[in-house]
Amino acid sequence: MSKQPENRYWLQNNNERQQPRQGPSGRPNGQTPQTRPSNNLNRWLMLVVGILLVVYIVNWFNSTSQSNSTPQRVELTYTQFYNQIATKNVKTATILGQTDITGTLDNAVSGQTQYHVYQLPNGDPDLASKLNAAGAVVYVQPPADNSFWLTLLLDFLPWLFLIGAIFFFSRRATQGQQGIFSFGKSRAKLILEDRPSTTFADVAGVDESKYELQEVVEFLKTPQKFQRLGGKIPRGVLLVGPPGTGKTLLARAVAGEAGVPFFSMSGSEFVEVLVGVGASRVRDLFDQAKKTSPSIIFIDEIDAVGRQRGSSINTNDEREQTLNQLLVEMDGFDNRQAVVVIAATNRPDGLDQALLRPGRFDRRVTVDRPDWNGRLAILKIHSRNVPLSSDIDLTKVARSTTGMVGADLANLVNEAALLAAKRNQDAVTQPNFEEALDKILLGAERPLVLSDEDLTVTAYHEGGHALAGLISEGADPVTKVTIVPRGQALGVTMSTPLDDRYNYSKEYLMVQIVTALGGRAAEQVVFGKVTTGAENDLQRVTAIARQMVSRWGMSERLGTISFSERQSPFSGGGDTGAPSNYSEETAELIDEEVDRIVRSSYAKTVDLLTTYRPTLDRIAQELRRKETIDSKQLLSIMEETAAPISSTQFSPDPIQPNVILAPTPPAIQPGTTETQ
C-alpha cells in the first residue's frame, strides 16, 4: 500500500493520459491488431471476384430475356435465299457487311416471315441490284467487327479471373507449409559484377590495407597466373579494426575492383531458432558462390558465429554446428575454384583458433584508425558532393579530428552540411565544421539556468584546467575554454595536439595528470572546498596512473615489470576472468604507487595555481563575462598577468581554434576536461 502514491506520482509525471488496460489477448482494450497488407489484398480480390460474378449473372439473365423476347426467324441457305429472290418473295433485306443478311418475307416460309442468311465469302457483288430488281427494300449496314471478340471477352474474362483468384488463394494457403523448407536457404545479398559498385578510389585513409587487398583482387582476376606455378588462391581474408574504420567498405571495394559476384551476409543471420538451420545456410551460401566462381563471400561481424568453442559454460550447440560447417566449407574448396571469403570483426580475440589457422583465413588485415593525412583524404571523398566555401581548410579540420575514423568523418561532413542548410547558406563554411565538431564530441548546448555560485565554481574549475595546461611544459595547446553546458558537462576545456601521437613519454603522462587535476585544485585554492564536478577528471587521472604502474613499468618501486595480461588479438580465448598472476602484496604496492603519483601531482598543481592566482582570477572573470574564450584570448591574459607560457603552446603552423582532442594513452578517454 505504501507504493501506491509513488506509482501514482510516476504515472502523472510520465504519461499524459492513463494507459488503457490490457485485454485477454495482451492488447489494450479497444485496440484492434494492425491489419497486414496481405489481408487487405485478399479482401479486395474477393470483392472484385464477387462483383464480376454478379455482373456476369446479370448479363446472362438479360441475354436470356432478350433472346426470349426476340421474334423467331427462319434460317435460309444461300440457295434458298436466291430462290426467294427469284419468286419476288423478299420484302426487305438488311446486308450486314459481308457476313449476315436479315429481313422479312411477303409469304411465310416454315411459318416465319423473318429470315436470316449467312453470306458466302466473297459473295455475289450484284446481290443488292438483284434484290432491288425483285422489288425488295435493301438496307446496307457496316460490319460489327468487334462484336465477336467483345462477346468472347465478356463471356470468358470473369471465368479466367475467377480461376486465377482461386489459384492465387491456394498458392498463398500453401506458402505457410512450404515456408518451413526455406529456413535453410541462404539470405545473403547478391551484388552482381555488372552493377556499379565501390572501388578502391572510394576508400581512403587505409592505404596499407588497400595494398594487402590488391593482391586478392589480382588473384580473382587472373587465378591462372598463380596456379601455373603451383600457388593456391587465399581461402580467406580477415579484416580486423575498430568500428567505423571501413572494413565493409574495403570488402565491397575488392568486389568492385575484381568485377565478380559479391555475397554479403551478417554472422548473426546464420543462427536461427530451429536446430541445423545455420549449417544449412552455410552450405547453401557456399554452393551459390561455387556456382558463380570466381566470387567473394563477405561475412560481417563473424564473431557472432565464430566465437571459440568451449570457452564458456553456457555453450550453444546450434552456433557451434554452424561454426563447424563453416570450417568444413572453407577447408573443402577445390583449388581451381576462385572463391574468397572476406570476414570483418572488431573482436578478433574471441575467434576460434581453427578459424584462424592457415588454409582458412590465410591473411589478416588490420584496418586501423587513420592519421591526419588519411583523415584529410577521407574528408575529400565525403565532401565531393558538398559545396564548400572558399574559407574551408580541410587540413585544419583533419588535424583537429584526432582519433576519428571514416564513419565519424562522414558524420562530421553531414552535420556541417545540415547546419549550413538549416541557416539557408549556399555553401558549407569553416564555422559550420567547427560547430559540427563540437556538437559531435561534446553534444548539443543545454539551456540550463545555473545560479551565480555554480557559474563561478565552473569558471574557476575550467580556468584551473586551462592555466595548468598553459604553464606546464609539454602539454598540448589549449584551444578553447567554455562554461556553456554541453552534453553531460557543465563546462569544457579543450586542447588539440600538434600531431598524431603513437608513443607517450612518462613526462607527457604526468603533465596530463597535472592538467586534469587543475579543476579540483582550483576549487581547493579559491574556495577552500571541493565539489562533485571533478568526477570525470578523477576517473581519467586514476586510469592513467594505474596504467603507468601496472602496464608501462613507470614506477621506481615496482621497476620495469608489467602486471597486465594483454594478449594478442588473434590468440583467441578472450577474457576468461582468471585472477591476476601477482600476489596481494604486489596489488597493494600498485595501489600505493598509484596513490603516490596522484597525490604528488595534485600537490604540484595546487602550488602552481596558488603561485599564479591572479592569472586564474582573470581567466575566470573572462569566462563569466564571455562564457567562451579561445587560445588567442588565453595567451593575451597570460601576457597581461606576466605568467609564463609553455613553449608547446606555440606552433609554427597553428591549428584552428575550437577544435579538439588531445590524444591519450590507450584505453584512456581523449584529453578533454569536463565539469560534471
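The values are calculated or read from the model by the stated rules, or taken from the named source; none is laboratory data. What you see is a predicted model; the values in this text were computed from it and never measured. Cβ placement follows ideal geometry from the backbone for every residue including glycine, while neighbour counts extend to all protein chains displayed.
Which of the residues belonging to segment 492-506 are small (Gly, Ala, Ser) and either in contact with a Ser or Thr (Cβ under 6 Å, 6 or more places away or on another chain) or surrounded by 23 or more Cβ atoms within 10 Å (Cβ to Cβ) (or both)? Before the answer, list the steps.
Pass one, segment 492-506, residues small (Gly, Ala, Ser): 495, 505.
Once the filter is applied, which keeps residues that are small (Gly, Ala, Ser) and either in contact with a Ser or Thr (Cβ under 6 Å, 6 or more places away or on another chain) or surrounded by 23 or more Cβ atoms within 10 Å (Cβ to Cβ) (or both), segment 492-506 yields only Ser495.
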Of the conditions (1) out of contact with any Leu (no Cβ under 9 Å at 6 or more places or on another chain); (2) over 22 Å from Val606 (Cβ atoms); (3) buried (at least 17 other Cβ atoms within 10 Å of the Cβ), Ala489 satisfies every one except a single condition; which number is it? (1)
Filter segment 603-629 for residues that are touching a residue at least 40 places away in the same chain (Cβ under 8 Å) and touching a strand residue (DSSP E or B) at 6+ places or on another chain (Cβ under 7 Å) and give the result. Leu623, Glu627, Thr628, Ile629
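Which residue is surrounded by the most Cβ atoms within 10 Å (Cβ to Cβ), if the candidates are limited to segment 232-246 and must be assigned to a strand (DSSP E or B) and of a type outside the set (Gly, Ala, Ser)? Talk me through it step by step, then tell me what you get.
First pass over segment 232-246, keeping only residues assigned to a strand (DSSP E or B): 236-240.
From what's left, of a type outside the set (Gly, Ala, Ser): 237-240.
Numbers: Val237: 25, Leu238: 25, Leu239: 30, Val240: 22.
Filtering segment 232-246 for residues that are assigned to a strand (DSSP E or B) and of a type outside the set (Gly, Ala, Ser), the one surrounded by the most Cβ atoms within 10 Å (Cβ to Cβ) comes out as Leu239.
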What pairs can you find where one residue is in segment 100-128 and outside any strand (DSSP E or B), the other is exposed (fewer than 10 other Cβ atoms within 10 Å of the Cβ), and their Cβ atoms are less than 9 Å apart, with a gap of 6+ or different chains? Gly111/Gln72
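Could you count how many residues in segment 372-389 are of a type outside the set (Gly, Ala, Ser) and either assigned to a helix (DSSP H, G or I) or assigned by TED's automatic domain parsing to the domain that holds Tyr211 (or both)?
Here is the first cut: in segment 372-389, the residues of a type outside the set (Gly, Ala, Ser) are 372-373, 375-376, 378-382, 384-388.
Still in the running and either assigned to a helix (DSSP H, G or I) or assigned by TED's automatic domain parsing to the domain that holds Tyr211 (or both): 372-373, 375-376, 378-382.
Residues in segment 372-389 being of a type outside the set (Gly, Ala, Ser) and either assigned to a helix (DSSP H, G or I) or assigned by TED's automatic domain parsing to the domain that holds Tyr211 (or both): 9 in total.
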Modelled with pLDDT of 70 or more and under 30 Å from Leu47 (Cβ atoms): which single residue out of Leu229, Leu220, Leu213, Leu160 fits that description? Leu160
Selection from segment 364-401 of residues that are surrounded by fewer than 17 Cβ atoms within 10 Å (Cβ to Cβ), in contact (Cβ under 8 Å) with a residue 24 or more places away in the chain, farther than 17 Å from Lys210 by Cβ and of a type in the set (D, E, K, R): Asp391, Asp393
Which residues, counting only those in segment 129-151, are hydrophobic (A, V, I, L, M, F, W, C), surrounded by 11 or more Cβ atoms within 10 Å (Cβ to Cβ) and either at pLDDT below 80 or within 60 Å of the chain's Cα centre (by Cα) (or both)? Ala144, Leu150
Boolean, Tyr118 is modelled with pLDDT under 80 and in contact with a helix residue (DSSP H, G or I) (Cβ under 6 Å, 6 or more places away or on another chain): no
Quickly run through segment 402-452 and pick out the residues that are closer than 20 Å to Thr496 by Cβ, aliphatic (A, V, I, L, M) and either surrounded by 19 or more Cβ atoms within 10 Å (Cβ to Cβ) or at pLDDT 90 or above (or both). Met404, Val405, Leu409, Leu412, Val413, Ala416, Ala436, Leu437, Leu441, Leu442
Filter result (under 46 Å from the mean Cα position of the chain (by Cα) and surrounded by fewer than 17 Cβ atoms within 10 Å (Cβ to Cβ)) within segment 603-620: none
In contact with a Leu (Cβ under 7 Å, 6 or more places away or on another chain), within 30 Å of Pro223 (Cα to Cα) and either modelled with pLDDT of 85 or more or in the same structural domain as Lys232 (by TED's automatic domain parsing) (or both) - does that describe any residue in segment 390-401? no
